[in-house]
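The values are calculated or read from the model by the stated rules, or taken from the named source; none is laboratory data. Treat the numbers as computed from the prediction; the structure is a model and nothing was measured. All Cβ positions, even for glycine, are placed from backbone atoms using ideal geometry, and neighbour counts span all protein chains on display. These area figures cover heavy atoms from the full protein model, side chains too; ligands, DNA and RNA do not enter into them. Shrake-Rupley method; radii C 1.70, N 1.55, O 1.52, S 1.80 Å.
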Amino acid sequence: MVKEATLNGVQWVVPDPKRENWYWPSEALKVHAWASDAKIYAQAAADPIAFWSQQADQLTWSKQWTKAYEDEPFAYRWFVGGKLNLSYNSLDRHVAAGKGGKTALIWEPEPVDEPSRIFTYQELLAEVSRFANALKALGVRKGDRVGIYLPMIPEAVIAMQAVVRIGAVHTVVFSAFSPESLRDRLLDCGAKVLITADGYYRRGKKIPLKQQADQALTGTSVEKVVVVRRAGNEIPMQKGRDVWYHESVAGQSTHFPPEEMDAEDLSFILYTSGTTGKPKGVMHTTGGYAVQVYATSKLDFNLHEDDIHFCTADVGWITGHSYINYGPLMNGVATLVYEGTPDAPDFGRMWQIIAKHKVTVYYTAPTAIRMHVKWGEEWPAKHDLSSLRVLGTVGEPINEEAWHWYFEHIGGKRCPIIDTWWQTETGATCVQALPGIGPFIPTVAGRPFPGIRAKIVDAGGVPVKTGDGGYLVMEPPFPPALLRGLYGDSEKFRATYFGEFGPRLYFTKDGARMDEMGNIRITGRVDDVMNVAGHRLATAEVEDALAQHPLVTEVAVVSKPDEVKGEVPVAFVLLKKGVHPSEDLKKDLIKTVDQHIGPTARPAAIYFTEDVPKTRSGKIMRRILKALVRNEPIGDLTTLRNPECVEDLQKAVGYKA
Ligand code: PRX
């Protein structure tokens, strides 16, 4: 094994001598990597259950499982009978192994003049235990749902850890979501407690959060609200309901015995967009989730003890759950949490943070990289990025230009780019190239992770020929971290994921193609789900929000490609009789979207129109609207009830095809 101290600036990849744009791990990387032999794929494929059991053996179980995997239609279980606790595996076991003094969490506040906060494993365990005791005193018990509406501060990780330590179920809601979005989620899961903050910093300004939370609480089952003091802004506290975080933990013991959880016990619910206006509560278990998150963190990013892992996602998304919190901590490495935006105080902030903390793994979204491309390579050039070993991407297909920029200007043509494909539903990465194995190819995610059976099928569920496009599906044994259901809606769970191809094929809703080596290129969603700046959003959600405006009668939303954000929503709006379209009305509609969902869902363009294309049965033909905004061929109009409206729409959007 290569000595950690000598790793800065090492050449981790080499170009393929024959194939342009292909890269392979260098000998140095192969020596340093957990997995460096492609045989791992064949071995795991021969017995996936044995492969996952070997991974599970690396965690600490308070009771050994009796059966590693079993399934029946629509139900699959891993590590049956096994008992463990996620927080124990993230914290206690490292302390027990004598590593309590190692750095666990590095927090970088947005204001540059404010010091970083650093927690060792021992300190993080103590703080998590104190807060678990505080939550218990507030009445939180095993199985209770706890909402978390926090900015990117250490308490976000502490709160999640404390909740799972008790055996309660967290539901984290992205802090930029509107009060209404928060309320919907709290109502749906019946949350008993909400953890929030007074505010946080964004581009030097204090952004209030508690007021938003207050608006969301009316009519919910939330009994207690814990408020972290972060921004020091004036906020109302409701007597009997609201408590300050620092007061709640004062005097609490730094010991809290972790609840022994069944492998199949629910660990958290995370809401994500489906094709309807209502987000779905994706349910994750404890054992299978822990195992796949642990193993993928370790192998995807080649995590070793001295690594400093910086994932730029928000804790409100699955990426933050798995690769800021549980994955790095279960691996005993340091995880870096950054409060702010990449442009505060200047466009070099991320690179300054990497240099300051000697970050070794940097994991971000293609949309963020495209933003950096626009800002220019002079920003990373100002900072020493030689500590980096592995670069990762997630959330959407990465385009060639962004890949090369990332590879050259951030990785110094030294570091592999691990393009990880996965979903809120899969809980952990499923398709990627492994650092010590490769190959690393722009726009190609890689092979299914060892032990995962994925294939590309046609509409009838039949595998397509190598290289042909089709639908990405997964076969049993299903990945350990795959969702076990949608909260309160088992019918929807079956229909959404197993409706197309039956209970033996999980449908990802992504299009893809596979080469002869098994490398998968993801082509994008095949349902009405958009990917806006890395945020998953249903066109139906934006439609529902706009339709709530009192002057709107009907609305259709489609997505359009965008150079930086990947995709953006575009809205066609029909107004009530006598209402005149205006710029002010557009602004008002944007406000409506902010209010019902949040600014991430704002349409990039709003077209006021007299009509939208419809079938004879009255269904809006979004396919045609999509072609119009993308300047693609419109296709057959004969099935339309109102083909005449298409001409007007062409003029409105400036259609050129
Ligand atoms: O379309 C795929 C895309 O993001 C979707 C999942 O979104 P979400 O649940 O929000 O999770 C994002 C973070 C895991 C997928 O169905 N997607 C995710 N990763 C990639 C991707 N598309 C292409 N390449 C990826 N690496």
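Assuming 1.306 mPa s and 10 °C, estimate D for the range 93-209 with Stokes-Einstein, Rh taken as the Kirkwood radius over Cα pairs, in µm²/s.
The estimated diffusion coefficient comes to 103 µm²/s.
Which ³J(HN,Hα) values, rounded to whole Hz and listed in residue order, are derived for the range 50-60 from phi using the Karplus coefficients 6.51, -1.76 and 1.60 in 6.51 cos²θ - 1.76 cosθ + 1.60 with θ = phi - 60°, glycine and proline given as x?
Each residue of the range 50-60 in turn: 5, 4, 5, 5, 5, 5, 4, 4, 7, 9, 9 Hz.
In the calculated pair distance distribution of the range 119-167, what percentage of Cα-Cα distances lie above 16 Å?
Value for the range 119-167: 34 percent of Cα pairs lie more than 16 Å apart.
Which distance in nm do the two modelled labels at Ile207 and Ala605 give, with both placed 7 Å along the Cα-to-Cβ direction?
2.8 nm
Enumerate the calculated ³J(HN,Hα) couplings along the range 16-21 in order (Karplus 6.51 cos²θ - 1.76 cosθ + 1.60, θ = phi - 60°), each rounded to whole Hz, writing x wherever the residue is Gly or Pro.
Running phi through 6.51 cos²θ - 1.76 cosθ + 1.60 with θ = phi - 60° gives 6, x, 9, 9, 5, 6 Hz.
Can you give the net charge of the other residues whose Cβ lies under 12 Å from the Cβ of Asp144, counting K and R as +1 and D and E as -1?
+4
Viscosity 0.890 mPa s, temperature 25 °C: give me the Stokes-Einstein translational D for the range 438-477 in µm²/s, with Rh taken as the Kirkwood radius over C-alpha pairs.
215 µm²/s
Keeping every protein chain present and rolling a 1.4 Å probe, give me the accessible area per residue for the range 313-367 in Å².
I get 16 Å² per residue for the range 313-367.
Return one whole number: the accessible area per residue of the range 459-516 in Å², for a 1.4 Å probe.
Accessible area per residue: 42 Å².
In whole Å and largest first, what semi-axes does the C-alpha gyration tensor of the range 261-311 yield when each eigenvalue is scaled by 5 and square-rooted?
With the √(5λ) rule applied to the range 261-311, the semi-axes are 27, 17, 8 Å.
Just how many % of Cα pairs in the range 455-511 lie over 15 Å apart, if you round to the nearest whole percent?
It works out to 48 percent of all Cα pairs.
Using the Karplus curve 6.51 cos²θ - 1.76 cosθ + 1.60 with θ = phi - 60°, what ³J(HN,Hα) values do you get for each residue of the range 579-587, in whole Hz, with x for Gly and Pro?
8, 9, x, 7, 5, 4, 5, 4, 4
Taking the dipole about the Cα centre of the range 124-187, with the C-beta of Lys and Arg at +1 and of Asp and Glu at -1, give me whichever of Gly143, Ile153, Val173 is farthest to the positive side.
So the residue furthest toward the plus end is Gly143.
Please report the net charge: other residues with Cβ closer than 11 Å to the Cβ of Val14, K and R +1, D and E -1.
Neighbourhood net charge equals +1.
Measuring with a 1.4 Å probe in the full set of protein chains, what accessible area per residue, in whole Å², belongs to the range 531-653?
Averaged over the residues of the range 531-653, the accessible area is 49 Å².
Need one number: the % of Cα-Cα pairs in the range 500-549 sitting beyond the 19 Å mark.
49 percent
When the Kirkwood radius is taken over all Cα pairs of the range 531-653, what Stokes-Einstein diffusion coefficient follows at 25 °C and 0.890 mPa s, in µm²/s?
Reported coefficient: 166 µm²/s.
Which value results for Rg/Rh of the range 217-260 when Rg is the Cα radius of gyration and Rh the Kirkwood radius based on the inverse mean 1/r?
With Rg and the Kirkwood Rh in hand, the quotient comes to 1.06.
Projecting each Cα onto the charge dipole of the chain (Lys/Arg +1, Asp/Glu -1 at the beta carbon, about the Cα centre), which of Thr367, Tyr69, Gly332 comes out farthest on the positive side?
Tyr69
Tally up the carbon and sulfur contribution to the accessible surface of the range 531-653 as a whole percent, 1.4 Å probe, everything protein left in place.
So the carbon and sulfur contribution to the accessible surface is 50 percent.
With labels modelled as points extended 7 Å from the Cα through the Cβ direction, what inter-label distance (nm, one decimal) is found for His246 paired with Ala45?
Each label point lies 7 Å from its Cα, and together they span 5.7 nm.
Give the carbon-plus-sulfur fraction of the accessible surface of the range 43-149 in %, rounded to a whole number; probe 1.4 Å, heavy atoms of protein chains only.
Carbon plus sulfur share of accessible area: 50 percent.
Considering the options Leu505, Phe493, Ile40, tell which one lies farthest towards the positive end of the dipole of the chain, charges being +1 on Lys and Arg and -1 on Asp and Glu at the Cβ, about the Cα centre.
Phe493
Give me the orientation-averaged projected area of the Cα convex hull of the chain, in nm², one decimal.
Hull-based average projected area comes out at 29.2 nm².
Treating only the Cβ of Lys, Arg, Asp and Glu as charged (+1, +1, -1, -1), what charge dipole size does the chain show about its Cα centre? Round to the nearest 20 debye.
Using Cβ point charges on Lys, Arg, Asp and Glu, the chain gives about 540 debye.
Quick one: Debye curve from the C-alpha atoms of the range 223-306, no solvent, what's log10 I(q)/I(0) at q = 0.12, 0.16, 0.18, 0.22 Å⁻¹?
Ignoring solvent entirely, the Cα scatterers give -0.76, -1.08, -1.08, -1.03.
What whole-number distance in Å separates the alpha-carbon centres of the range 513-579 and the range 249-306?
With the range 513-579 and the range 249-306 each reduced to a Cα centre, they are spaced 29 Å.
Charges only on Cβ, +1 for Lys and Arg, -1 for Asp and Glu: so what's the dipole of the range 164-318 about the Cα centre, in debye to the nearest 20?
820 debye
At q = 0.14, 0.15 Å⁻¹, what is the log10 ratio I(q)/I(0) for the range 269-382, with the Debye formula run over Cα points and no solvent?
Once normalised to I(0) and log-transformed, intensities are -0.67, -0.75.
Please list the three semi-axes, largest first and in whole Å, of the ellipsoid equivalent to the range 384-530, using sqrt of 5 times the eigenvalues of its alpha carbon gyration tensor.
Sorted largest first and rounded, they come to 29, 17, 13 Å.
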